[in-house]
Amino acid sequence: MKKENNPLKITSAKLPQNQKLFDDLRQMIEDMRLSVAVAVNTGLTMLYWKIGKRINEEIIRDKRAAYGEEILATLSQELTALYGRGFSYSALTRMCNFAGVFSDDAIVATLSRQLSWSHFMLLIPIENSLQREFYAEMCRVERWSVRTLRKKIDSMLFERTALSKKPEALAHMELSTQSKNVRFSAK
């Protein structure tokens, strides 16, 4: 029987003396993966915002709002043929809504470094701008997952905070609870 000669195979006997090197390399890889994911998310989010803004400007500038659906349908067909289903009619509609709701590109650029496109999809339908800003900021500060954001919106956190006689205390309690949940889920 031929013995496998793989220099990359690490045996448990060799690992302890190289543990620091291994840990350092593993951390470098994990950090870079995260960095790449953040860069891709930021780039895509900004692209979607710019597409939505451009479509909105084109329709409004030419006063073609009545033909907006036709324009979107044609654009989506052409873009989908070139780039795939990420540019469907409903996707372009979301991009237009995104640019309309988040009109400041500086805010989008800042938030997109910490929130995913899925976060924005949950924030866009919120009509009250203060409420939307509240959830966006809580996501940013507390690093909420999409699932957590959905739970907080469904549990009406903003409304409970606004209606509370001690909204500051309720907000602190919510932040404390969220912090504890993060600590427990990390274990």
message: Would you confirm whether or not segment 130-139 contains a residue that is of a type in the set (Lys, Arg) and within 18 Å of the chain's Cα centre (by Cα)?
response: yes
field: Failed item, numbered, when residue 56 is tested on (1) modelled with pLDDT of 95 or more; (2) outside the structural domain of residue 158 (by TED's automatic domain parsing)
entry: (1)
statement: The number of residues in segment 88-102 that are touching a residue at least 24 places away in the same chain (Cβ under 8 Å) and not aliphatic (A, V, I, L, M) is 6
Some residue of segment 80-90 being of a type in the set (D, E, K, R), at pLDDT 95 or above, farther than 30 Å from residue 159 by Cβ and part of a helix (DSSP H, G or I): no
message: Pairs needed: first member in segment 33-54, aromatic (Phe, Trp, Tyr); second member anywhere, part of a helix (DSSP H, G or I); C-beta distance under 7 Å; at least 6 residues apart or different chains.
response: 48/95; 48/98; 48/117; 49/98; 49/99; 49/105; 49/108
- prompt: Do you know which of the residues in segment 147-168 that are in a loop (DSSP other than H, G, I, E, B) and among the hydroxyl-bearing types (Ser, Thr, Tyr) is modelled with the lowest pLDDT?
  reply: 164
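Every residue, every condition in (1) in the same structural domain as residue 50 (by TED's automatic domain parsing); (2) modelled with pLDDT of 90 or more; (3) farther than 20 Å from residue 53 by Cα, yes or no:
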position	(1), (2), (3)
99	yes, yes, no
118	no, yes, no
170	no, no, yes
179	no, no, yes
183	no, no, yes
message: Pull out all pairs, ordered by first then second residue, where Cβ-Cβ is under 7 Å, the residues are six or more apart or on different chains, the first lies in segment 107-126 and is more than 11 Å from residue 97 (Cβ to Cβ), and the second is of a type outside the set (D, E, K, R) and not in a helix (DSSP H, G or I).
response: 108/102
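The values are calculated or read from the model by the stated rules, or taken from the named source; none is laboratory data. Keep in mind that this is a model prediction, so the values were computed, not measured. Glycine gets a Cβ as well: all are built from the backbone with ideal geometry, and neighbour counts include every protein chain shown.
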